[in-house]
Amino acid sequence: MEKFHYFLNFFENSKIKRYDLLYIYISYMYYMQGNWNRILRVNLSNNDIWTEGLPIEIWENYIGGIGISAYIFNKMEKYVDPFSPENPLIIMAGPLTGTPYPNTGRHEIVSRSPLTDLLGESNSGGFFGNELKRAGYDGIIITGRADSPSIIKIDDSVKIEKRDDLWGKNFYDTQEKIRKEKKFRVMAIGVAGENRVLFSAIMNDEGRAAGRNGLGAVMGSKNLKAVAVAGTKQVPLEIRSDFLKLAGDASRYLLNSPLTQGLKEYGSMIWMDAGPGLGDVPANYFNDHNFDYDELSGTKFKGLYKVTSYHCANCVIGCGRTVQFGNITVDGPEYETVAAFGPLLGNKNFDRIIEWNHLINDAGMDTISTGVLISALNYYLKKGLINIESIKTYYENNFSGISKMIDDIAHSRGIGNELKEGLERFAVSNNIPRDMIATVKKMEIPMHDPRAFKLQGLGYATSSRGADHLQAEMYEVDMGMDNENLGIRSGDRWTIDDEKRVETLVNTQNYRQIQNSVIICSYAKVDTQSLIDALNFATGFNYDYEIFKKIGENIIDLKRKINKKLGLKNEDDYLPGIVRKGIEGEPEESSTSENEFKNAINKYYKIRKWND
């Protein structure tokens, strides 16, 4: 009976003129548990709206999230300019999204990145993904360009609304206005996305961000200000009773985890207390670790401000922070933001970091890319590598002009119109040597120092989307987070070119594809068998460790294939010297020579079979 109702619902909501009855019948037959097999299609150029399904074996082999998104992107073959109306913006949930399994309330966004020109991917927490799944959709594919600023509303129906009143507003105002109309969950861009800042983010809920790859600019190029969704449906599960018991067990396991307790207490900023002792928190634009880290510790932060925890959908950890700051409540800051605007810049003022974090979130930009760019320019000025008066003024009086700098970038105003292109493009245009530019594939390097965990650097170099600590968290693996069943084994953190060590990185990257397809939060360190069982109880498929390994490897290979079509060359898998060179007074083995790095890359290609 449930399948029959699904068939009727699908029939009523599909554009019959686009599909014949055979397609509808096939989609009905492919209906399954865990996923609805309903992907919403929206063409903003002609206001066309319809739904599509995928063969059941595609769901089985690519799971959801990044896996399904990469599959769709590849099948569409839209290898066009990131700002072309034909560049698809793909928003995808996972098979556990919208269910009680802990920390799975996330969504993945994929498109061609304007920052890297490669396949862009980002995922975000909050509640938007859950709401999309509960609205009866696994994902949305958006193409075209609206002729005026618009939003997409999804509840009992789907409609495109012209909303000129929202254009020019930042994220929080946009979200508030839409939420007043109905209890929607909203993902939206701020002015940075409108102005096509290449590191603009797509924001949702309380400061949650799909960041890094500039997908907010893709959304802005489509004249799409927001997507709002309200859902009431129950996600179908193959074996509901066993699934619910497993979800309860996983929740209790996470609640009792020491990592959860630390994150509950201090949020991700706990790494400002733990990381410096390992040399993992870079200072002074990646040149050293000479900084009084106690000034910006998570412990001090909690003592200075009124801080409360924020939980995403189905989250039992609550790593998010909300901070009372003057007359406003600010979301964040996270560890990466504090490190980028603190030690990396050489700033010890928490108030300013909170202020800058709020401005960046509201404008809809990535805090890591923004922070690295601002820290790099400060270093270049000090070293006499650039001499631009309009940039100098931002740094006067102990960084008093940084707030204006952020606003100028978001509005593409003055020198901000050049800075919005990201660090690498700006630095190259000003003749900065490549090894002094802290980027990989044009994306700024995050706040985990490759000299502390050298496989982290190899992970940055080989990541499909540019420097990304969340594609392989080697700083966690080499601190003892082994997963023997997946071939993930901790080892000497300063050994990079041993084949077994490189295999661990490869296996870690492969497993991340599974996690980003499910989609589950990186802080939810559930046992892999629990995740396997959860997927099997939800979908009725028959996953195991070996299948997980193969699916992860296949997704990585698919992303590589896509990136090659988009212009990626092997030499783009490079780690700049600024994060490889040794630091005076620190262990010699923490540095990575050019030869050592090349040996590691060659071993990596051999394991991946990318030399064939």
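Worth pointing out:
- Filtering the range 325-346 to residues that are within 21 Å of the chain's Cα centre (by Cα) and either in a loop (DSSP other than H, G, I, E, B) or under 14 Å from Ser297 (Cα atoms) (or both) leaves Gly332, Pro333, Glu334, Tyr335, Glu336, Thr337, Val338, Ala339, Ala340, Phe341.
- Here is the figure for the range 320-340: residues that are touching a residue at least 60 places away in the same chain (Cβ under 8 Å) and touching a Phe, Trp or Tyr at 6+ places or on another chain (Cβ under 6 Å) total 3.
- For Tyr79: the one exception among (1) in a loop (DSSP other than H, G, I, E, B); (2) open to solvent by less than 10 Å² (accessible area, probe 1.4 Å): (2)
- Leading residue by the ranking (nearest to Gly120 (Cα to Cα)) among those in the range 177-201 that are outside any loop (DSSP other than H, G, I, E, B) and open to solvent by 40 Å² or more (accessible area, probe 1.4 Å): Arg185
- Leu535 falls short on exactly one of the conditions (1) of a type in the set (A, V, I, L, M); (2) buried (at least 24 other Cβ atoms within 10 Å of the Cβ); (3) closer than 30 Å to Ala340 by Cβ, and that condition is (3).
- Strands (runs of 3 or more DSSP E) completely within the range 101-164 that count 3 or more residues being open to solvent by 10 Å² or more (accessible area, probe 1.4 Å) and more than 23 Å from Ala70 (Cβ to Cβ): 158-162
- All positions within the range 105-119 that are under 12 Å from the mean Cα position of the chain (by Cα) and aliphatic (A, V, I, L, M): Ile109, Val110
- Residue list for the range 53-85, filter: at pLDDT 95 or above and acidic (Asp, Glu): Glu57, Glu60, Asp81
- The range 404-432 - residue that is of a type in the set (Gly, Ala, Ser) and assigned to a loop (DSSP other than H, G, I, E, B) and, of those, least open to solvent (accessible area, probe 1.4 Å): Gly422
- Entry remark, the range 399-416: residues being under 15 Å from Glu355 (Cα atoms) and without any contact (Cβ under 8 Å) to a residue 24 or more places away in the chain number 3 in total.
- Here Asn349 clears all of (1) within 24 Å of Glu206 (Cα to Cα); (2) in contact with a helix residue (DSSP H, G or I) (Cβ under 7 Å, 6 or more places away or on another chain); (3) open to solvent by 20 Å² or more (accessible area, probe 1.4 Å); (4) not β-branched (Val, Ile, Thr) except the condition numbered (2).
- Failed item in (1) more than 15 Å from the chain's Cα centre (by Cα); (2) assigned to a strand (DSSP E or B), with Thr174 passing the rest: (2)
- Pair list, Cβ < 6 Å and 6+ apart or interchain, from the range 446-470 residues that are more than 11 Å from Ile368 (Cβ to Cβ) and in a loop (DSSP other than H, G, I, E, B) to residues that are of a type in the set (Gly, Ala, Ser) and open to solvent by less than 10 Å² (accessible area, probe 1.4 Å): Pro450/Gly457; Arg451/Ser590
- Gly34 being more than 26 Å from Leu568 (Cβ to Cβ) and at pLDDT 95 or above: no
The values are calculated or read from the model by the stated rules, or taken from the named source; none is laboratory data. The shown structure was predicted, so the numbers you read here are calculated from the model rather than taken from an experiment. FYI the Cβ positions are ideal-geometry reconstructions off the backbone, even for glycines, and counts take in every protein chain you see. Protein only, heavy atoms only, side chains kept; ligands, DNA and RNA dropped before computing areas. Shrake-Rupley method; radii C 1.70, N 1.55, O 1.52, S 1.80 Å.
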